[in-house]
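Asks: There's a structure below that I have some questions on.
Computed from the coordinates by the stated procedures, all read-outs in this text should not be read as laboratory data. Predicted, not measured: the structure shown is a model, and the values here were computed from it. For neighbour counting, all protein chains shown are included, and Cβ atoms are generated from backbone atoms with ideal geometry for every residue, glycine included.
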Amino acid sequence: METESRTQNLEQTLKDYERDGVVRVRKFLSAEELREIRREIERYIQTIAPGLDASEVTLEADGRTARNLWRMEKHSPFFDDVAKRPSILELVRSLVRGEPILLGTETFNKPAHIGSGVPPHQDNAYFCQTPPDVTTIWIAMDAVTGSNGPVFYERGSHKLGLLPHKASGVKGNSIGLAEKFNFAQPLVGLLEPGDALVHHCQTIHYSEPNRTAFPRCGFLMVYRGAHTQTDPALKNVYDAARRSV
């Protein structure tokens, strides 16, 4: 559900994560860490992203504004260093039931007025890992309100197993649940800058578009346990969906 910081009450954080598949951690970043990461994201957008392959940057419908920055740690040592800070790995090690392997650092930018939505899905339809010991730390760079595109997570849905997915037609989120899912008890990810949501790779979630004047950027770090392996059948489904967009 929620705790006060990443260094407080680790036992309760893990208990809530196991039960709900998502936990909110207040003040995951200090004010200085938040300023530093914000500054580096902006620098990345201005000086690194323009030179990258299209597979590393997804744009919004305007064709100019970044929707997603992918695999940032491959192009900036700063983001690789952030994701490997000992205090973060200490938390992740328990969440993924083993030694953490970084799958990627990325952003979901949700720019003001034009930020696009994300269809209901489970992350493991993208990650294709077995066992599903994969977690995402989703950190708010901006305030996340009820109207600028918060993420909705269905509590306990990670216990349903991986549900069928199909191509969504959404660039940057090429795969979504194959059938309509009714959210009965969602956690709505309302956050202050520096707060985080930590979710299991099989927790069902989605977000609405941002039609407000306020941006809603999220910085994400994704980890798997070193013991997980890629499931070829799941990977084939994902690759087919990605090619269809």
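Asks: Using a Gaussian network for the chain with springs between C-alpha atoms less than 10 Å apart, which of these wobbles most: Pro100, Pro215, Pro50?
Replies: Comparing Pro100, Pro215, Pro50 in the GNM, the peak value goes to Pro50.
Asks: Grab the DSSP H runs of the chain that are 4 residues or longer, score each as -39,500 (n - 2.57), total them, divide by all residues and round the 222 nm result to the nearest 500 deg cm²/dmol.
Replies: Theoretical 222 nm ellipticity from helices: -6500 deg cm²/dmol.
Asks: Hey, another quick one. Going down the table (Lys110/Lys235; Lys110/Lys171; Lys166/Lys235), which pairs top 19 Å between alpha carbons?
Replies: Flagged as over cut-off: Lys110/Lys235.
Asks: While we're here: Report the GluC sites (Glu not before Pro) located in region 96-193 that are in a DSSP loop and have at most 16 other Cβ atoms inside 10 Å of their Cβ, or state none.
Replies: Hits after loop and neighbour filter: Glu179.
Asks: Under unit Cβ charges (Lys, Arg +1; Asp, Glu -1), what dipole magnitude, rounded to 20 debye, does the chain have relative to its Cα centre?
Replies: 400
Asks: Do you know the relative contact order of the chain, to the nearest whole percent, from alpha carbon pairs under 8 angstrom that are 6+ apart?
Replies: With pairs under 8 Å counted, the relative contact order is 29 percent.
Asks: Checking the cross-link filter: which aspartates and glutamates have an alpha carbon closer than 19 Å to that of Lys74, excluding same-chain neighbours under 8 positions apart?
Replies: Within the straight-line limit of under 19 Å, Lys74 reaches these aspartates and glutamates: Glu36, Glu40, Glu42, Asp53, Glu56, Glu106.
Asks: Within straight cross-link reach of Lys159, meaning Cα distance under 16 Å, which lysines are found once same-chain residues fewer than 8 apart are removed?
Replies: Hits, sequence-local ones excluded: Lys15.
Asks: Also: The list [x] 18.7; [y] 22.2; [z] 18.0 gives values of Kirkwood radius over Cα pairs in Å, and only one came from this structure; which label was calculated from it?
Replies: So the structure-derived entry is [z].
Asks: Continuing with this model, one more query. For a quick check, take a GNM of the chain with Cα springs below 10 Å and name the residue from Pro150, Pro186, Pro232 with the largest mean-square fluctuation.
Replies: It is Pro232.
Asks: Here is a follow-up. Evaluate the distance, in nm, between pseudo-label points positioned 7 Å from the Cα of Glu18 and of Ser87 along their respective Cα→Cβ axes.
Replies: Here the modelled spin labels are 2.6 nm apart.
Asks: Right, here's the next one. Hey, what did region 124-185 get for relative contact order, percent, Cα under 8 Å, at least 6 apart?
Replies: Value for region 124-185: 28 percent.
Asks: Exactly which chymotrypsin sites (Phe, Trp or Tyr not before Pro) in region 171-245 are in a DSSP loop and have at most 13 other Cβ atoms within 10 Å?
Replies: Passing sites in region 171-245 do not exist.
Asks: Something else about it: Run the simple label-point estimate for Leu102 and Ser30 please: 7 Å along Cα→C-beta, distance reported in nm.
Replies: 2.0
Asks: Are there trypsin sites (Lys or Arg not before Pro) in region 157-201 that DSSP puts in a loop and that have at most 15 other Cβ atoms within 10 Å, and which ones?
Replies: Counting only loop positions with at most 15 other Cβ atoms within 10 Å, the trypsin sites (Lys or Arg not before Pro) in region 157-201 are Lys171, Lys180.
Asks: Right, next: Pop the C-beta distance of Ser94 and Thr65 into the FRET formula with R0 = 25 Å and round what comes out to the nearest 0.05.
Replies: 0.10
Asks: Can you work out the FRET efficiency for the pair Lys180 and Ile45, with r the C-beta to C-beta distance and R0 = 30 Å, to the nearest 0.05?
Replies: Rounded to the nearest 0.05, the efficiency is 0.30.
Asks: Anyone know which of Gly146, Gly104, Gly21 comes out most mobile in the 10 Å Cα GNM of the chain?
Replies: Greatest mean-square fluctuation among the candidates belongs to Gly146.
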